[in-house]
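Here the structure comes first, spelled out in structure tokens, and everything after it is commentary.
The values are calculated or read from the model by the stated rules, or taken from the named source; none is laboratory data. Only a predicted model underlies this, so the values are computations on that prediction, with no experimental measurement involved. With ideal geometry, Cβ positions are generated from the backbone for all residues, glycine too; neighbour counts draw on all protein chains shown. Only protein heavy atoms, including side chains, enter the accessible area calculation; ligands, DNA and RNA are left aside. Shrake-Rupley method; radii C 1.70, N 1.55, O 1.52, S 1.80 Å.
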Amino acid sequence: MSDEKTKRVIRFFDTTLRDGEQSPGCSMNLKDKLLVASHLESLRVDVIEAGFAASSPGDFASVQAIARLVKGPAVASLCRALPADIDASWNAIKDAQRPRIHTFLATSPIHMQYKLRLTTDQVFEQAVAMVAYARNLCGDVQFSLEDASRSDPAFMYRVIEGVIRAGATVVNIPDTVGYAIPHQFGALIRGIRQSVPNIDRAVIAVHCHNDLGLAVANSLAAVAEGAGQVEATINGIGERAGNAALEEVVMALQTRADLFQVTHGIDTTKIYAASKCVQTVTGSRVQANKAIVGENAFAHEAGIHQHGVMMNATTYEIMTPESIGIPRNKLVLGKHSGRHAFEQRLQELGFHFDADHIKRLFADFKALADRKKVVSDADIEALARGLETQVEERVTLDRFVVNSGNTITSTASVRLILDGKAVEHVAVGSGPIDAAFKAVNAILGLELKLEAFTLSAVTDDADAQGETNVKVRHGARVYHGNGLSTDIIEGSLRAYLAAINVVLSENVQ
Ligand code: KIV
Ligand code: ZN
């Protein structure tokens, strides 16, 4: 067995903020993106792909803000292999401590013929010329052969050799449509290592999509064959069925270190917090049985398993919850707990707020402790995440009354404070939440369409807080908001207003 020093280092390139954000319903505002970037920094990923700078002025601004904020990981911006796109990427990332331009061009017959309408020679020349162009701007240039897994290997070898000669530091082999099968994808990476003469001058990266549920398996097969960089997203969010889940690849490499003989720089104890943050800001919850970060990932239901784990955890546990940073719920707070204990617990849970925010959170905690017998870690985390993702509030809930039952039409009277003034409206609806949302719409005069609504309990107790998540469409964009309360109508209104505050902040009148 090789020792730590001789092991190959696998670099993690996180694309939650680019490929992840591209997936339906996962768009994030600037504040959310900065929060996710700071989690990725704590997680110690090697590269953060911050966005696609040329795609819109908003994307440019968020890539630039992330590039200026992040210390440690390199910051990349994606761009097509075109001078204007490359310039936009460079302008957005040039202030980063470690900027990287990530440019791409498709190499598969299907994409070259129908999308690009270019011959193989034209694709080769454009790829080489654009990598050289990018290298004149930036010392770190990654080139991706889009749809590599459906490309002709011989043509890929030629392109890879050419772009490395032109200065590419990383060559990425994406399974763009999630078509590859692990042994075949591994063989593709082996073929590249054996057939491209200058391959030792660049890192081989892989970027796998999950259309056949094989993104993680394909990434691992590629690592086994010598890939040095894995591209992935937190919770596996991404186009269509998503990308390889970073937490799954990392924990597989770590748990089966006996097979892989590689190391990585990820601080796995930050996985849980990063996963929760991405769930909150995208409003996309992971399923309970999701590997590593799902609610049931470490739960043992069967008696025989529980007994085994009590005797010795390794009977049924291949990883510990602590290794991914799941808090141990060790301290339960109540209404007599003091500010010091609360503050300490917040810090242990990984939240670092300034004095002002702690004061606000402590007030929320006291209010919750009045409504709920015991306040657990999950409650504190939910409160803290709510504050972390809160935008400036132009509109807040003052009070509401609903009247509903199975034989009457629901009515809701809602009073909001809008720009400092109280405004009230009464509306009817097909249920109390529908009526309450209609009252809000009438007050604000906004055209909103509710696209998704989920409600889940934060803890198992009967007096649990409900966490509501809504997605609303305003024009072409979908906004989401979270709301917390022991009252589900109040929580729903809070979530709705949280989304509306983002709408208002982006559409200032
Ligand atoms: O899936 C893909 O091919 C991509 C590239 C742009 C890297 O996201
Ligand atoms: Zn992709």
Only listed residue being without any contact (Cβ under 8 Å) to a residue 24 or more places away in the chain and open to solvent by less than 50 Å² (accessible area, probe 1.4 Å), chosen from Ala257, Ala245, Ala166: Ala257
Flag if Arg18 is of a type outside the set (S, T, N, Q), away from ligand 2 (no atom under 16 Å from the Cβ), assigned by TED's automatic domain parsing to the domain that holds Thr263 and closer than 26 Å to Ala227 by Cα: no
Which listed residue is of a type in the set (Lys, Arg) and within 16 Å of ligand 2 (Cβ to nearest atom), from Arg158, Arg165, Arg150, Arg135: Arg150
Within the range 449-474, count every residue that is more than 17 Å from Ile433 (Cα to Cα) and under 19 Å from the mean Cα position of the chain (by Cα). 0
Within the range 245-260, tally of residues that are within 16 Å of ligand 1 (Cβ to nearest atom) and farther than 14 Å from Arg11 by Cα: 1
Find the residue count for the range 207-228, including only residues that are of a type in the set (S, T, N, Q) and crowded, with 24+ Cβ neighbours inside 10 Å. 2
Sole exception among (1) within 11 Å of ligand 1 (Cβ to nearest atom); (2) closer than 20 Å to Leu78 by Cα for Asp211, by number: (2)
From Glu447, Glu424, which residue is of a type in the set (Asp, Glu), surrounded by fewer than 20 Cβ atoms within 10 Å (Cβ to Cβ) and assigned to a loop (DSSP other than H, G, I, E, B)? Glu447
If the requirement is being free of Cβ contacts under 8 Å to residues at least 40 places away in the same chain, surrounded by fewer than 22 Cβ atoms within 10 Å (Cβ to Cβ) and either polar (S, T, N, Q) or outside the structural domain of Arg415 (by TED's automatic domain parsing) (or both), which of these qualifies: Ser485, Ser505, Ser456? Ser485
Inside the range 381-395, can you point out the residues that are among the hydrophobic types (A, V, I, L, M, F, W, C) and either modelled with pLDDT of 90 or more or open to solvent by 40 Å² or more (accessible area, probe 1.4 Å) (or both)? Leu383, Ala384, Val395
Within the range 347-355, does at least one residue satisfy the condition of being in the same structural domain as Gly483 (by TED's automatic domain parsing) and open to solvent by 70 Å² or more (accessible area, probe 1.4 Å)? no
Looking at the structure I just gave you, is Arg190 without any contact (Cβ under 8 Å) to a residue 40 or more places away in the chain, within 32 Å of the chain's Cα centre (by Cα) and more than 16 Å from ligand 1 (Cβ to nearest atom)? yes
Expected output for the range 91-102 (first residue farther than 8 Å from Asp140 by Cα and not assigned by TED's automatic domain parsing to the domain that holds Gly58, partner surrounded by fewer than 24 Cβ atoms within 10 Å (Cβ to Cβ) and at pLDDT below 95, Cβ below 8 Å, 6+ apart or cross-chain) is none
Output for the range 229-242, where each listed residue is open to solvent by 10 Å² or more (accessible area, probe 1.4 Å) and among the aliphatic types (A, V, I, L, M): Ile237, Ala241
Kindly check whether there is at least one residue in the range 198-206 that is open to solvent by less than 50 Å² (accessible area, probe 1.4 Å) and within 16 Å of ligand 2 (Cβ to nearest atom). yes
Ala232, sole failed condition from (1) small (Gly, Ala, Ser); (2) part of a loop (DSSP other than H, G, I, E, B); (3) within 16 Å of ligand 1 (Cβ to nearest atom): (2)
For Ala442, which of the numbered conditions (1) open to solvent by less than 60 Å² (accessible area, probe 1.4 Å); (2) closer than 30 Å to Val278 by Cβ fails to hold? (2)
How many residues, within the range 1-37, are in contact with a Ser or Thr (Cβ under 9 Å, 6 or more places away or on another chain), loosely packed, with under 15 Cβ neighbours inside 10 Å and part of a loop (DSSP other than H, G, I, E, B)? 1
Every listed condition ((1) modelled with pLDDT under 95; (2) farther than 15 Å from Thr486 by Cβ; (3) not acidic (Asp, Glu)) holds for Ser410 save (1)
What are the residues in the range 351-405 that are assigned to a loop (DSSP other than H, G, I, E, B) and farther than 23 Å from Ser456 by Cα, if any? His352, Phe353, Asp354, Glu392, Glu393, Arg394
Test: Leu116 is within 14 Å of ligand 1 (Cβ to nearest atom), without any contact (Cβ under 8 Å) to a residue 12 or more places away in the chain and either in contact with a strand residue (DSSP E or B) (Cβ under 8 Å, 6 or more places away or on another chain) or on the phi > 0 side of the Ramachandran plot (or both): yes
Here are some residues: Thr263, Thr269. Which one is among the β-branched types (Val, Ile, Thr), away from ligand 1 (no atom under 13 Å from the Cβ), more than 18 Å from Val36 (Cβ to Cβ) and surrounded by fewer than 19 Cβ atoms within 10 Å (Cβ to Cβ)? Thr263
Among the residues of the range 223-236, are any in contact with a His (Cβ under 6 Å, 6 or more places away or on another chain), touching a residue at least 24 places away in the same chain (Cβ under 8 Å) and closer than 18 Å to Asn210 by Cα? yes
